[in-house]
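Let me begin by presenting the structure, written as structure tokens, before commenting on it.
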Amino acid sequence: MIPFQYTRASDVADAIKQIAADPSAKFIAGGTNLLDLIKYDVATPTRLIDISRLPLRNVEETATGGVLIGALVPNTDLAYHPLIEARYPLLSRSILAGASQQLRNMASTGGNLVQRTRCFYFYDATTPCNKREPGSGCSAISGINRINAILGTSQSCIATHPSDMCVALAVLEAIVHVTGPAGARTIAFADFHRLPDNTPQLDTNLEPDEIITAIELPAKGFSTNYSYLKIRDRLSYAFALVSVAAALELDGDTIKEARVALGGVAHKPWRSSAAEVVLRGQRAEASTFANAADILLRRARGFGHNDFKIGLARRAIVRTLGQAARGTPQSISDKKIR
Amino acid sequence: MASYIGSATSRVDGRAKVTGEAKYAGEFNVPGLVHGYVVDSIIPKGRIVRIDASGALGIAGVIDVLTHSNRPPMADKDDAYKDEVAPEKGSPYRPLYDDRIHFTGQPIALVLAEDWETARVAASQVRIEYQKEAHVTDLHAERTRAYAVDVPEKPRGDAERAFASAAISHAAEYSIPTEHHNPMELFASTAIWENGQLTVYDKTQGVQNVQQYLCKVFNLQPNAVRVMSPYMGGGFGAGLRPQYQVVLTVLAANALKRPVRVMLTRAQMYALGYRPASIERLALGANSGGTLDSMQHEAIAVTSQFEEFARNDTGWGNLLYKSPNAKFEHKLVKLDLPTSCDMRAPGAATGVYALECAMDELAIALKTDPVQLRLQCYSDRHQGEDLPYTSKQLRECYRQGADAFGWSKRNAEPRSMRDGSELVGWGMASGVWEALQVPATVRIVLTANGHAEVATAASDIGTGTYTIMAQVAADMLGLPIDNISVKLGDSTLPQCPVEGGSWIASSVCNAIANTARAVRGDLLELAKATQDSPLSGAGVDDVALIDGKIVSKRDAGRAVSIASAMQSGKAERITREEINQPSEDKSHARNVHSAIFAEVKVDEEIGIIRVTRVVKAVAAGRILNPKTAHSQVMGGVVWGIGMALHEETLYDHRFGRVMNANIAEYHVPVNADIHDIEVIFVDEPDEMVNPLGIKGLGEIGIVGVAAAIANAVYHATGKRVRDLPITLDKVIEFA
Ligand SMILES: Cc1cc2nc3c(=O)[nH]c(=O)nc-3n(C[C@H](O)[C@H](O)[C@H](O)COP(=O)(O)OP(=O)(O)OC[C@H]3O[C@@H](n4cnc5c(N)ncnc54)[C@H](O)[C@@H]3O)c2cc1C
Ligand code: SF4
């Protein structure tokens, strides 16, 4: 750990001004990820700019029938917000499948997007890791990689993005609102996180001097046919080995629209438009879901300990789509995977 | 007055704990306290070439950086470092002693600063140059280097030949990964020098063990050192031996002549002791009638390069089953790791897991119900020593456990029972542990106002020792429990060994009985001295202390109140101290037994395993307090669930490092993993094991649980997993 200065941002403009002035500064929101990274000598900011008091805590309806979520809305508040529970229950369930109550109370919406991988080597500053120290090598590829990726990997990094909430946001096609020195812009959720390629040190397309101000949800919430299934090594309080967010729009037995995203398997929530296309217009049944799973996992590859995740993901996709089709979403409170 | 012994009494220290009034080793604050932060080795083996502490020393608030080259003197003989429970063989680790590195995480410098954060920041600025040497940390890769150590159980007959000619046989290898204790409370010590007296608050299961150790290591006079550990946030064996932070704390206090605290981080605690990874090889041979002809158990476990830690993994079959031929072997592999150590039911948690899985597999080969097989093989005698037991209600455990569980409704066929998309499995196992006793001394000070202080140097590591001692003392002295205060965890109190092995309850409670008898004798003398004493002529065992009175056992009408006896004798207080001398009688075996029945539900496609029901029936002599006893056993069952499904210390052997050194990634069960746990205490009066009939409960809770779950997983899925933990990818082939 290294000493750092601590300042508070008075408003969004001030936050941007402060971060643009100091390349070694970092925003701190809930601190649930950043503080650990500092303690482990993985992040070494010399200045923390506290944004947690900025007025970005509202959840409000948009003119187009969607919802705008302030970047500092705590994960807990968001999960239990009446608008979200009623119209975007998939988002609610995905948030509640993550971390613990105490962590969710602290964690912010924006921080959840920017949280870093849980790859063991990334957190152990004594081991080679390209994400932490570009060019040093990837210890996970031939090391302990049970929790690492099977899709979109590169020779330089096989890390996953660990968020649950983001898997639902990918399905809901959220829009990320950011502001930087050059002004405000929006980023489609699919373009927010990156694949590792040969720049694994970059997790997202957020510029270092930009701040996330809000997440916008389009009107479509799939509140009837959805499910979030998280599979992990214990029944709560563990990161996903594989998670699936599924949302369907049905016309009787026929799928009108389908969206599926996978968590725990790639450097970003994993979607495949081809997989969603094969679902469209088909009967909502296991064989259809299996076809989509095959497409989603077409380029999947394991690294030893995580080989099983390919088959596991295939079954999890079929299961989750089935739950969504039946309108019986996975419960997060009954101590049982359905 | 109803008896406290046997009643469900709430913890007497509960209020202090939930209000924060109870202080732990890292919470004793004094003015001028210096904080130490450990710099630990990032390599598993080699030498320290250079330590450059200038970066740390330049930071405001940093006082000093201690290393092997500038530390104050400490002992240079192995003997000084051998604590009460150190392994017999080897040289105990000496922190900050020289430039040699024996394991990753070994402390190599101690940064001392005015506050903890400064010390931590400064620690990251200490530069160390290492000279690396090749290391080994993988038991499975090094197993061919295993060498045999002595085990208590001797061979009988010709086990190999009997196995070869057995009608039905089963041989397999089971493995258990390294596990760490992970108590909630971080290891910490606070050392304070004052007027030539050293007081150390330490997280330890044995204050006198630490006190004697510190006297030897730092050449101090015994009366100059006091070690205190009034409360402990979990020990589980991790605090049996003095841990390195207590040495560093005293070293720093000696160097600075100031009070010092050293608290470890969670990650640093993974460089303390651990349950050694082990490979357990079982070979069982049965005749066609379904009784054992041959039993062989070989264990290969981990120890360090510098000490030989070995527990009895293999002898447990001798306590449970008859077999004319038997052979046991315990082997060790030396690795570049810290010395392994005791962790809840050491030896038994691992050995009985393997044995009871093997018995399940044998039952299947014999097409016999697993309970039935255990009854067929049941032994009323300790097979190794050919001794009867002081008591053994294991048959009753099987019966009551099976009844409560509904075992008779089990369909023996694997994959035959289901609940929706889940396969249902029922498995069972036996559990066994020792009923140990150690010499312990208890002092009672009874004051004329009817209050008593009961004291011994034992530690309450969270098990409820304060509470059961108050209960026993209240009964023995005939006083309300609120009038009893119990003092523990102070090395100046009467002698008591480390708290471990489930021996404290029986040891200290029998010592209370002895001391209370002495107090009673004194009271009787005072009572007899009163005019026209109704108790004249009575002997100490003719009277009892009941409801504040000394009462004749033959005639309850003949009584003198304690208060008036003391008043008339002008005795303001009676102070007595007696020891509990464990019986030397070797004519009987002393053990605790249990039967475990577990239900699992396994998602047929995805492999998620849920332990939906556990019934654990325990025969452990007299149960002093059903409430704390239930908690002990229930906690042990939760540990067993963790052992079966979750716990594993993950090493990257290339680096010789623990990769999941935190409790987010080292998984133990969480609430969602725990469903119904039913604990049954089978009646087991036993006046032979010790006068109060107490056997102890700390270890038995975990023993056998992982086996019952593994057996249930097999019954549910038809898949036999022999390496723990049983994760979903081991149960299902995900093609
Ligand atoms: C033990 C543990 C278990 C967990 N389990 C799970 C789990 O199962 N599932 C899951 O999804 N998550 C899990 N989490 C992660 C948790 O969800 C994240 O740590 C949390 O969402 C981060 O939010 P925060 O506000 O605390 O971020 P901080 O720690 O404050 O910040 C994280 C990063 O985001 C940046 N940042 C924060 N806000 C903004 C903003 N508005 N604009 C730009 N950058 C910003 C910070 O600069 C920093 O780099 C777990 C965490 C822990 C510690
Ligand atoms: S997978 Fe990525 S984060 Fe993990 S060690 Fe390799 S480079 Fe580092």
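The values are calculated or read from the model by the stated rules, or taken from the named source; none is laboratory data. As the structure is a prediction and not an experimental result, all values here were calculated from the model. Because the Cβ atoms are built from the backbone with ideal geometry, glycine has one as well, and the counts that use them run over all protein chains shown. To get the accessible areas, we keep the full protein, side chains included, count just its heavy atoms, and leave off ligands, DNA and RNA. Shrake-Rupley method; radii C 1.70, N 1.55, O 1.52, S 1.80 Å.
Averaged per residue, chain A has 39 square angstrom of accessible surface, using a 1.4 angstrom probe with ligands and nucleic acids left out. Ranked by solvent-accessible area (1.4 Å probe, protein heavy atoms only, all chains present), the residues B:Met688, B:Met643, B:Met476 order from largest to smallest as B:Met688, B:Met476, B:Met643.
Between B and A, buried accessible area from a 1.4 angstrom probe totals roughly 3500 Å², ignoring ligands, DNA and RNA. Taking each DSSP H run with n ≥ 4 as -39500 (n - 2.57) and averaging over every residue of chain A yields -7500 deg cm²/dmol at 222 nm.
Tell me the mean residue ellipticity at 222 nm calculated for chain B from its helices only (DSSP H runs of n ≥ 4, each -39500 (n - 2.57), averaged over every residue, nearest 500).
It lands at -7500 deg cm²/dmol.
Couplings 3J(HN,Hα) for region A:195-208, derived from phi with the Karplus relation 6.51 cos²θ - 1.76 cosθ + 1.60 (θ = phi - 60°), are 8, x, 6, 10, 10, x, 5, 9, 8, 9, 9, 6, 6, x Hz, where x marks Gly and Pro.
So if R0 is 30 Å, what FRET efficiency would B:Asp380 and B:Glu142 give, r being the distance between their Cβ atoms, rounded to the nearest 0.05? Before the final figure, lay out each step's value.
On the way: r = 41 Å, r/R0 = 1.37.
Once rounded, the FRET efficiency stands at 0.15.
A probe of 1.4 angstrom, applied to the heavy atoms of all protein chains, finds B:Phe103 with accessible area near 10 square angstrom. The order of the peptides B:348-355, A:229-236, A:60-67, A:131-138 by mean Cβ neighbours within 10 Å, most packed first, is B:348-355, A:229-236, A:131-138, A:60-67.
Using C-alpha pairs under 8 Å with a sequence gap of at least 6, the mean separation divided by the residue count of region B:438-580 gives a relative contact order of 34 percent.
To the nearest 10, the accessible area of B:Trp193 is 80 Å² with a 1.4 Å probe.
The mean sequence distance of close C-alpha pairs (under 8 Å, at least 6 residues apart), as a share of the length of region B:65-195, puts its relative contact order at 18 percent. Shielding of peptide B:661-673 by partners, expressed as the average count of other chain Cβ atoms within 10 Å per residue Cβ, is 5. Legend: residues in region A:117-154 shielded by at least 10 square angstrom of accessible surface upon adding the remaining protein chains to the isolated chain (1.4 Å probe, heavy atoms) are A:Arg118, A:Phe120, A:Tyr121, A:Asp124, A:Thr126, A:Thr127, A:Pro128, A:Ser139, A:Ser142, A:Ile144, A:Arg146.
For the Cα atoms of chain A, what angle does the longest principal axis make with the long axis of helix A:12-21, in degrees from 0 to 90, nearest 10? Between the helix axis and the principal axis of chain A, the angle is about 60 degrees. The aspartates and glutamates whose alpha-carbon is closer than 18 Å to the alpha-carbon of B:Lys132, local same-chain residues fewer than 8 away aside, are B:Asp40, B:Asp52, B:Asp98, B:Asp99, B:Asp336, B:Asp652. Over 31 Å apart at the Cα level, from the set B:Lys334/B:Lys695; B:Lys17/B:Lys695; B:Lys89/B:Lys586; B:Lys487/B:Lys549; B:Lys17/B:Lys616; B:Lys203/B:Lys257, are B:Lys334/B:Lys695. May I ask you to find the residues of region A:291-331 that are shielded by at least 40 Å² of accessible area once the whole protein assembly is considered instead of their isolated chain (probe 1.4 Å)? Buried by 40 Å² or more upon assembly, which counts only protein chains, are A:Phe308, A:Leu312, A:Arg315, A:Arg319.
Peptide A:246-259 has a mean of 0 when you count, residue by residue, the C-beta atoms of other protein chains within 10 Å of its C-beta. For chain A, lysine pairs separated by 8 or more sequence positions, or belonging to different chains, with Cα-Cα distances below 27 Å total 23. With the alpha-carbon atoms of chain A aligned to their principal axes, the span from lowest to highest coordinate is 58, 50, 36 Å, starting with the largest.
Of the accessible area of chain B, with the probe set at 1.4 angstrom, what percent is carbon plus sulfur?
Ligands and nucleic acids excluded, carbon and sulfur reach 49 percent.
Using Cα pairs closer than 8 Å and at least 6 residues apart in sequence, work out the relative contact order for chain B, in percent. 16 percent.
Derived scalar couplings between HN and Hα for region B:234-245 equal x, x, 6, x, 5, x, 6, 8, x, 9, 5, 5 Hz in order, rounded to whole Hz, by the Karplus curve 6.51 cos²θ - 1.76 cosθ + 1.60 (θ = phi - 60°), x for Gly and Pro.
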